[in-house]
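Enquirer: Structure in structure tokens, see below.
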Amino acid sequence: MTVLDESGVPDVLSPLYSLNGLAEKLPDVLLILVGTRAEAYLAQTLPGMISGDISLNPHFSALVLDPEENVQQGQVASRVIEAAAGFPEVTAVLLVAGRSAELLGVDANFEVQLAERRLGLPVRAVDYDPARDGALSTDLEDGILSALVDVCPDTSPRMLELPPPAKGRSGFIGNLLGRGRSESREVRRRQVVILGASSPPGAWRELAAELDQIGIEVVGNIPGTGASGLPAVGQGMVAAVADPYLIASSRAVTERGARVLRTLMPIGVNGTARFLQDIAIAFGLKANQLNRARSVWENLEPLRNRIRGKRIFFAGDTGLELPLARFLVDAGAVVLEVGVPRLDRSFLAAEVQALGTDVDVVESPDPRGQMERIDRSQPDVVVASPGLYVPLVARGHLCRLALDFLEAGIHGYEGARRILELFVRTFERAEALDSVKL
Amino acid sequence: MRLAGGVYEGPASHGILQVAASMRGIHAVLRALPTEGYFPALFGLWAKFEEPAPVSLSPIQGRPGGLRRDVEAAVRRNPETEAVILARSDAALLSGEEIPELSLPDSPKTGREMKLIGCGWELPEMGEHEAADLALEELVRTYVAPQERSETPTVNVFGPPVFKPGAEAEFEEVARLLGMLGVGVNARVPLGTTVEDLARLPRAWANVLLYREVGDSATRFLQEEFGMPRITTPMIGSSGTGGVLRVVGELCSLAEEKVQRVVFSELARTAKLPWYARLQRPEALAGRRAVIFGDFTHAVGLGHALAREIGLEVSWAGTYLKHLEQDFLFHAEAFTDRAFVADDPEEVASRIERTRPDVVIGTYLEQRAAENTGASFLPLCPPAAAFPFVQRPLAGYSGAAVLADALDGVLRRPKVEAEPRLKETEEALPWSEEALEDLEEIPAFLRGRARRLAEERARELGAAEITREILEEARF
């Protein structure tokens, strides 16, 4: 594998763009953006124009600062309290304050402490640094998850020894896993927390069921379904990261004293197998996923036949590119280039290693340069960043938006199938359209 | 500081980028954080062009001298470039960074000196429309050169920039009508304009201003500097269009009868709006109320057409554009009793809920409120949440027919009584003074929800009046 740092300005949508969607995923959390009108515009108005979806979640609002006005300490907190008062169902408030808020004199940490004292609810500032080099469109998701980690109840090793309360916090997944299993103490202690936001709930349930098969209980997902269902995080806990961009949140879990596993992302067949296996090893279990993986690969054979030898180009946007490319190479596709707006070599060491030697990774790609390379190499399909999508389609390239993979549910063995299906649908549609004489 | 459920106007940089992306041979460099990118994605949806947006992002942080290098790189990468315009995001403006002195290489295309348009007037609190207006003025000032007037009458058409659905068609419709008068289009601005076009602006006999949000300052400048008259009536509806054509006729010394012939033939053939108005039974319009909210040109133009040409009651009209407040109130007086300026879409939404009109004409930000109250919604003011493939003008006589179709579509629907029984009880429930005071203290964007919850709760309790206690109870 060669990594080329192009030092371009990556073609990503502002992370603020996804705030409204995140509010959708966290029904009991009030998200408040503190910033300039420009930032409110990025988060509230542009998404409607770009996606055509005009609905704004009421649990997301913006506190617009006037650059002329001096912000007094406590002012932001008062507005947060006002806003929270309208929503009895809210159990936590997250304040997203970017660099402009800081420049305009907002001390986010002070404001959240004040608001928390007065509201009696957890209020956290989301660490969102838009000045970070090589930003991903998913960065804010990482910041929000790490703020939620801070809201998670604490745990002590002693608590783990005790039987869990009759009505645990684990909710649906706990009930699912509790059914029909021997209630031995040993089993209960093999508990893992999964960090991951990029798939819909169904994919996480499937992954929990796989872990259940090997005797490990998923006590919770972060973010799961919001603040009230968060698992306890602390000493003695094992956590596994399922999304490659969750760097800050995995650090937050480590800081709470939990152990974060370094393994492959549960994306693709081999990735999922390694993920499950490494969790098992962490609990001293032997769980060989070889047979399971082999049978999944066999089941996927018809889909694999459709993408074998296809040449795929990742322009880079969400941060999911590395594991997706790794899986597609395993499945027999040819990956021409993996563009990644940012590459954290130590966090993604396992992924980088697993990618194999034949794939070129381009860090901070320059979108114009990528267009030229795409025109030259004529890939069968481009997983396009938002700004390249339309121009590439206009030039006759077959494209899929990187964001589509965030909705598909790409995690676990079933997720592997969904990834292949997504590509196969793309090819089938292109063939169907090409067959029409115009 | 205010809590907002949405914002209408984008930042100043958004306006500058819109003007730059509208024109040809102009490359915009956006000085911003790498996370402030969105323009290429939006531009692709609107333009569906083969080429990506002529915009490069120059990241603020890190490398010293970065801006100079990024401008040079942008010019190298885009050999068609004849001018570079600099837009700075809020983050860039707030950082207090200076605009560097840059000498650019000669344009590889024309060999002429390439200019950097600095937009030094940009301020963090400025909205996109004001910035677009000033950017266009700066471009015109930079490139305009004294010219002989064209031999036959011509005009410049100042219309909407990119992202206005149907912008292209708008220019074409106006050019078609002017052609019928025998008046040529010297330049259309800013869509598709080159720097040569800007230099040749004073050849025209007059400036027709279709979209004053963006062309106001530039045409004022041309008026003061070159004595070029300008026509500012919104060219919306048959009456507005006819008005503009008559003034063009006067300014271009055309025979009055000739103009009248064109107007009559177009009224007979193209502009279906007066026909539509005359076909309607008076009963069909009785009690039908419309509200209009959005930018300046469309709110004023459509307000006139609806109230005067169709005879619909316009309960109120408003604009988001604070800096055009005076003018708006002056013009809106002619077609509605209530005109106002608001900058929070939630405030507009709660007005819609109170008024419960039959038709809401607005930007996509008003759509949800319209649907919630059962009103018909026409997204005729930019911005829109859809960029249709078929470009249809709203200006000119063809635009009047488009408007007639749109209105027919919604007025043909039987008058919807939105949950009639509920509505009566809702209106019948009085509020105590104290409860009203408390309600006023709730931020505007939550007020509608709080009011509904309280009224619901009061009905549950069978209370005769909404008291402070019921309001409190309903909210928690």
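The values are calculated or read from the model by the stated rules, or taken from the named source; none is laboratory data. None of these values were measured; they are calculated from a predicted model. Cβ placement follows ideal geometry from the backbone for every residue including glycine, while neighbour counts extend to all protein chains displayed. We work out accessible area using only protein heavy atoms, side chains counted, and drop any ligands, DNA or RNA first. Shrake-Rupley method; radii C 1.70, N 1.55, O 1.52, S 1.80 Å.
Enquirer: If packing is taken as the average count of other Cβ atoms within 10 Å, what order do B:108-119, A:284-295, B:161-172 fall into, highest mean first? Provide the component values of the computation, followed by the final result.
Expert: Values: B:108-119: 15.9, A:284-295: 13.5, B:161-172: 22.8.
Per-residue mean Cβ counts within 10 Å order the peptides as B:161-172, B:108-119, A:284-295.
Enquirer: Need the C-alpha centroid separation for the stretch B:287-331 versus the stretch B:152-220, integer Å.
Expert: First find each Cα centre; the distance between them is then 24 Å.
Enquirer: Using Cα pairs under 8 angstrom and six or more residues apart, how large is the relative contact order of chain A, in percent? It would help to have the intermediate numbers written out before the result.
Expert: Values: 818 pairs, mean separation 77.7, N = 438.
For chain A, the relative contact order is 18 percent.
Enquirer: Could you check the simple spin-label distance between residue A:117 and residue B:330, using points 7 Å along Cα→Cβ, in nm with one decimal?
Expert: With each label placed 7 Å out from Cα toward Cβ, I get 5.3 nm.
Enquirer: Quick check: Cα centre of the stretch A:211-259 to Cα centre of the stretch A:398-421, how many Å?
Expert: Spelled out, the Cα-based centre of one part sits 23 Å from the other.
Enquirer: Can I ask one more? With the Cα gyration tensor of the stretch A:15-131 giving a ≥ b ≥ c as the square roots of its eigenvalues, does the rule (a/c under 1.5 for rounded; else a/b larger than b/c for prolate; else oblate) give rounded, prolate or oblate?
Expert: Details: a/c = 1.89, a/b = 1.15, b/c = 1.64.
Taking the square roots of the gyration eigenvalues as a ≥ b ≥ c, the stretch A:15-131 is oblate.
Enquirer: What is the sum of charges, Lys and Arg at +1 and Asp and Glu at -1, for the other residues whose Cβ falls under 14 Å from the Cβ of residue A:69?
Expert: On the way: positive: A:37, A:79, B:2; negative: A:66, A:68, B:125.
Value of the local net charge: 0.
Enquirer: Something else now. Taking the Cα-to-Cβ direction at residue A:82 and at residue B:98 and moving 7 Å from each Cα, how far apart do the two end points lie in nm?
Expert: Going by the 7 Å Cα→Cβ label model, 4.1 nm.
Enquirer: Moving to a separate point now. In degrees, nearest 10, range 0 to 90: what is the angle between the Cα axis of helix B:396-411 and the longest Cα principal axis of chain B?
Expert: Once rounded, one gets 20 degrees.
Enquirer: OK, next. With +1 on each Lys and Arg Cβ and -1 on each Asp and Glu Cβ, and nothing else charged, work out how big the dipole of the stretch B:237-380 is about its Cα centre, in Debye to the nearest 20. List each step's numbers first, then the result.
Expert: Working: 16 positive and 20 negative charges, 131 e Å.
So the magnitude is around 620 debye.
Enquirer: Which one of A:349, A:329, A:314 has its Cα pushed farthest toward the positive end of the charge dipole of the stretch A:283-357, where Lys and Arg give +1 and Asp and Glu give -1 at the Cβ?
Expert: A:329
Enquirer: In the stretch B:156-231, if the dipole is taken from +1 on Lys/Arg beta carbons and -1 on Asp/Glu beta carbons about the Cα centre, which of B:193, B:165, B:183 is farthest to the positive end?
Expert: My answer, from the dipole projection, is B:183.
Enquirer: Something else about it: Please report the relative contact order for chain B, taking Cα pairs under 8 Å with a sequence separation of at least 6, and give it as a percent rounded to a whole number. Each step should come with its number before you reach the end.
Expert: On the way: 909 pairs, mean separation 65.3, N = 476.
The normalised contact order for chain B reaches 14 percent.
Enquirer: Could you give me the ³J(HN,Hα) list for the stretch B:368-377, computed from phi with Karplus coefficients 6.51, -1.76, 1.60 and θ = phi - 60°, whole Hz, x at Gly and Pro?
Expert: For the stretch B:368-377, the Karplus-derived couplings read 4, 4, 4, 5, 4, 9, x, 7, 6, 10 Hz, x marking Gly and Pro.
Enquirer: In terms of the Cα gyration tensor, with a ≥ b ≥ c the square roots of its eigenvalues, is the stretch B:12-143 rounded because a/c is under 1.5, prolate because a/b exceeds b/c, or oblate? Walk me through the numbers before you get to the answer.
Expert: Working: a/c = 1.24, a/b = 1.10, b/c = 1.13.
In terms of gyration-tensor shape, rounded.
Enquirer: If you don't mind, there's one more thing I want to ask. Using amide H atoms built 1.01 Å from N in the peptide plane, name the residues 5+ places from residue B:194, or on other chains, whose amide H lies under 5 Å from its own.
Expert: Distant-sequence amide H within range of residue B:194: B:24.
Enquirer: Rounded to the nearest 500 deg cm²/dmol, what is the calculated helix-only ellipticity per residue at 222 nm for chain B, with -39500 (n - 2.57) per DSSP H run of length n ≥ 4? Walk me through the intermediate numbers first.
Expert: Details: 21 runs with 221 residues, N = 476.
So the calculated ellipticity at 222 nm is -14000 deg cm²/dmol.
Enquirer: All other residues with a Cβ under 13 Å from the Cβ of residue A:150 taken together, and with Lys, Arg as +1 and Asp, Glu as -1, what is their net charge? Could the numbers behind the result be given before it?
Expert: Values: positive: A:124, A:251, A:256; negative: A:116, A:127, A:154, A:255.
In short, -1.
Enquirer: Computing the accessible area with a 1.4 Å probe over protein heavy atoms, can you report the carbon and sulfur percentage for chain B? It would help to have the intermediate numbers written out before the result.
Expert: On the way: 9570 of 19320 Å².
Using a 1.4 Å probe with all protein chains present, chain B comes out at 50 percent carbon and sulfur.
Enquirer: Given a cut-off of 30 Å, name the pairs among B:48/B:109; B:164/B:272; B:48/B:258 whose C-alpha atoms lie farther apart than that in the structure shown. Please report the intermediate quantities before stating the final value.
Expert: On the way: B:48/B:109 25 Å; B:164/B:272 23 Å; B:48/B:258 40 Å.
Listed pairs above 30 Å: B:48/B:258.
Enquirer: Here's a follow-up. Just checking the output field for A:81-89: average partner chain Cβ neighbours within 10 Å of each residue's Cβ?
Expert: Values: counts 0, 5, 5, 0, 7, 10, 4, 4, 0.
Partner Cβ neighbours, averaged per residue: 4.
Enquirer: Would any residue of the stretch A:324-352 have its amide N under 18 Å from a label point 7 Å out along Cα→Cβ of residue A:129? List them or say none.
Expert: The answer is A:341-348.
Enquirer: With every protein chain left in place, what is the accessible area per residue of the stretch A:2-77 in square angstrom, probe 1.4 Å? List each step's numbers first, then the result.
Expert: Working: 2410 Å² over 76 residues.
Normalised by residue count, the accessible surface of the stretch A:2-77 is 32 Å².
Enquirer: Around residue A:218, which amide H atoms from residues at least 5 apart in sequence, or from another chain, sit under 5 Å from its own amide H, with H modelled in the peptide plane?
Expert: Long-range HN contacts for residue A:218: A:192.
Enquirer: What total accessible surface area, summed over both chains, is buried at the interface between chains A and B, computed with a 1.4 Å probe and given in Å² to the nearest 100? Write down the numbers at each step before the final one.
Expert: Details: alone 19800 and 21930 Å², together 36540 Å².
Chains A and B together bury approximately 5200 Å².
Enquirer: Could you tell me what percent of the accessible area of chain A is made up of carbon and sulfur, with a 1.4 Å probe and every protein chain present? Numbers along the way, then the final one.
Expert: On the way: 8400 of 17230 Å².
Answer for chain A is 49 percent, counting heavy atoms of protein chains only.
Enquirer: So for each of B:126-136, B:373-383 I average, over its residues, the number of other beta carbons within 10 Å; can you give me the resulting order with the highest mean first?
Expert: Numbers: B:126-136: 26.2, B:373-383: 21.5.
The packing order, highest mean first, is B:126-136, B:373-383.
Enquirer: So what's the back-of-envelope 222 nm ellipticity for chain A, counting only DSSP H runs of four-plus at -39500 (n - 2.57) apiece and dividing by all residues, rounded to 500?
Expert: Numbers: 21 runs with 193 residues, N = 438.
Computed mean residue ellipticity for chain A: -12500 deg cm²/dmol.
Enquirer: Then there is this: Calculate the dipole size of the stretch A:297-434 relative to its Cα centre from +1 charges on Lys and Arg beta carbons and -1 charges on Asp and Glu beta carbons; express the result in debye to the nearest 20.
Expert: Values: 17 positive and 22 negative charges, 36 e Å.
In debye, rounded to 20, the stretch A:297-434 gives about 180.
Enquirer: Given charges of +1 on the Cβ of Lys and Arg and -1 on the Cβ of Asp and Glu, with all other atoms neutral, how large is the dipole of the stretch B:12-143 about its Cα centre, in debye to the nearest 20?
Expert: On the way: 13 positive and 20 negative charges, 106 e Å.
The calculation lands at about 520 debye.
Enquirer: Hey, another quick one. Inside 10 Å of the C-beta atoms of B:88-95, what's the mean count of C-beta atoms belonging to other chains?
Expert: Numbers: counts 0, 5, 14, 10, 0, 5, 8, 4.
Partner-chain Cβ atoms within 10 Å, mean over residues of B:88-95: 6.
Enquirer: Using packing as a proxy for protection, rank A:11-17, B:220-226, B:197-203 so that the peptide with the highest average count of other Cβ atoms within 10 Å comes first. Provide the component values of the computation, followed by the final result.
Expert: Working: A:11-17: 27.0, B:220-226: 16.0, B:197-203: 20.1.
Peptide ranking by packing, descending: A:11-17, B:197-203, B:220-226.
Enquirer: Can you give the average number of partner chain beta-carbon atoms within 10 Å of each beta-carbon in peptide B:46-54, as a whole number? Can you show the working numbers first?
Expert: Working: counts 2, 3, 4, 3, 7, 4, 10, 3, 0.
What the average comes to for B:46-54 is 4.
Enquirer: Placing +1 on the Cβ of each Lys and Arg and -1 on the Cβ of each Asp and Glu in chain B, which of B:146, B:400, B:263 has its Cα farthest towards the positive end of the resulting dipole?
Expert: B:263
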